[in-house]
Amino acid sequence: MTRGSSVRQARREMYRQLIIAAAELEFARGGFEKTKVADIARTADVSVDTVYKNFGGKNDIWEALNRQRMDGVIAAGERAT
């Protein structure tokens, strides 16, 4: 892996985490159905194009958010046992 590709990968992960965090806030505010990708982009302070470069759409963001939360629950359970 070249330095340039590792920087790009880190930037992509940073954008993904910003978008997921913004989506969690927007979904909590307005619910999944009423939340628009533009709302998520605005809250994340990124362009709508950036959202779509990182996710296929609102459903993909929802799945990533839930996967991230579930991974956290599983990790907490493993630490507790």
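The values are calculated or read from the model by the stated rules, or taken from the named source; none is laboratory data. These numbers come from a predicted model, not from an experiment. Ligands, DNA and RNA are stripped out before the accessible areas are found, and what is left, the full protein with its side chains, is counted by its heavy atoms. Shrake-Rupley method; radii C 1.70, N 1.55, O 1.52, S 1.80 Å.
Brief remarks on what is shown
- q = 0.13, 0.20 Å⁻¹: log10 I(q)/I(0) that the Debye formula gives for the chain, counting C-alpha atoms only: -0.46, -0.87
- Rolling a 1.4 Å probe over the heavy atoms of the protein chains gives the chain an accessible area of 69 Å² per residue.
- Remark: relative contact order (the chain) = 29 percent; criterion is Cα-Cα distance under 8 angstrom and separation of 6 or more residues.
- The chain, accessible surface, carbon-and-sulfur percent (1.4 angstrom probe): 53
- Fully extended contour minus Cα-Cα distance, from residue 21 to residue 68, at 0.36 nm per residue: 15.9 nm
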